[in-house]
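The values are calculated or read from the model by the stated rules, or taken from the named source; none is laboratory data. Because the structure is predicted, anything quoted here is derived from the model rather than measured. We place every Cβ from the backbone using ideal geometry, glycine too, and count neighbours over all the protein chains shown. Note: accessible area is taken over every heavy atom of the protein model, side chains too, but ligands, DNA and RNA are not part of it. Shrake-Rupley method; radii C 1.70, N 1.55, O 1.52, S 1.80 Å.
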Amino acid sequence: MREFPQTYEQEALWIADRFLGDPSPFLETWAQRILGPLDVPALERALAALVARHAVLRSGFGLGDDGPVQSVDPAGTVPLERLPWPGGDLHPTLRRAGQRPLDLTVSPARFTLYDRAPDEHVLLLQIHHVAVDDASLVLLDRELSALYTEETGGAPAGLEPPALLLGEHAVRARAAGIAPADLAFWADFLAGAPALTQLPPRPRPLAARRGSACDTVRTTVPAGLGDAVRAAARALRTTPHVLMSTCMAVTAAAVNSEDVVIGTPVSRRGEPDLDGVFGCLTDLLPVRYRVPSDADFAAVCAAAKRRSLDVLRHRNVPYARLGGGVGRTRGVLSGQHLGRICLVLDQSPSRLELPGLRCERVHVGGAAAKFDWLQYVVADGGGWDVRADYALDFFTPDEAALFLRQWRTALAAASADPGVPVRDLFDRLAATA
């Protein structure tokens, strides 16, 4: 066994997880529906090779003499569990499977292959967030495709080994420490930030604390609206993510003050030797939006772009440190935490490509509520698939569906006319049924 400290990101997740019940909100799923004559032994060998390549999949997480550690087992494995399909519709069945607890002292991952029908399988990776981020899932698609191709007699995978271990990165990052200038930025940036007292779609009483129970609501952004969003983003010299997040801030401001905080994902893969490393190197950081009713959308979006760039320049402060080291009254998982509403955009989703097979990614709802509202927007042709995991303590299914419709209303209106007054957007949101 080789022992390393946990990264800042891992430590925050691991500590929080110890205080939460099952299912953990940090359980992630990657699921593929595979159609065609799957070579199961070849898949098993390819998965074994993938685990051998990435140390974090062979690591246990626990408490060492000097704090939280990750212990790499050079001979560790993640077995492929093969089961008959338990019945039921695809999404709810996989969501229940994704809620099974993982023993982090042994492994952060579990592979399951379901036999759903003749020549139809579902491959599920259940993995704890301490060991994965979105960039890791891109690696998973690319490397498993290459390894399975080799195992079935195709071209050699030709994969270079990762340049370093995630644990080695943790040692390097902790030796570098957190820059005082970055901490000073966040102390100033969040000074006076209000707690979000109301959640869209309308003002209503909220519980003092939320439980972990969650559900998922889905919609789509059709190709026509997708084209309009991209055109408006170009006109505003910003990104679709900033434009979409600004629409979410407008939707939240309609039932709150003009000062709104939205969580946004940031990657800390700045060094080239981290490109091929599987593990958690992403955090959700708060971006503060000002949405005055007498402004127009373009001005609000321009200010959001500036603040987003400021956050990126100072992204090397862990989110957990913002709760404990900057604003001590705001705990990461408390009812007052800064990331109550979050939006994640995936503009270039990767694909699993196995020879002779058709693979379809199944986006499974969260095991438990990470945030009050966590919205994923995934590119699909010219449009986007949209799903949001929402806390059942704070939303009914009808309210969650209405929140998504209001966000789409703001998105359509701002894309059609970026100069639309915020006051007009508020009126349209109130009229949305």
Could you grab me the full set of residues in segment 224-241 that are open to solvent by 60 Å² or more (accessible area, probe 1.4 Å) and of a type in the set (Val, Ile, Thr)?
239
Can you name the residue in segment 162-178 that is open to solvent by 70 Å² or more (accessible area, probe 1.4 Å) and under 22 Å from residue 52 (Cα atoms) and, of all such residues, is modelled with the lowest pLDDT?
163
Failed criterion for residue 419 (all others in (1) touching a strand residue (DSSP E or B) at 6+ places or on another chain (Cβ under 7 Å); (2) not in a loop (DSSP other than H, G, I, E, B) hold):
(2)
Members of segment 7-28 that are assigned to a loop (DSSP other than H, G, I, E, B) and either open to solvent by less than 50 Å² (accessible area, probe 1.4 Å) or not small (Gly, Ala, Ser) (or both)
7, 19, 20, 22, 23, 24, 25, 26
Looking at residue 391, is it open to solvent by less than 50 Å² (accessible area, probe 1.4 Å), touching a residue at least 24 places away in the same chain (Cβ under 8 Å) and more than 22 Å from residue 408 (Cβ to Cβ)?
no
In segment 268-295, the residues that are surrounded by fewer than 19 Cβ atoms within 10 Å (Cβ to Cβ), among the acidic types (Asp, Glu) and not in a loop (DSSP other than H, G, I, E, B)
273
For residues in segment 292-324 being touching a Ser or Thr at 6+ places or on another chain (Cβ under 8 Å) and β-branched (Val, Ile, Thr), which is modelled with the highest pLDDT?
300
Which fully enclosed strands (runs of 3 or more DSSP E) of segment 39-150 have 2 or more residues being farther than 23 Å from residue 350 by Cα?
59-64, 67-72, 80-84, 109-117
Selection from segment 34-79 of residues among the hydrophobic types (A, V, I, L, M, F, W, C) and open to solvent by 50 Å² or more (accessible area, probe 1.4 Å) yields 48, 52, 63, 75
Could you grab me the full set of residues in segment 71-113 that are over 20 Å from residue 215 (Cβ atoms), of a type in the set (S, T, N, Q) and within 22 Å of the chain's Cα centre (by Cα)?
107, 112
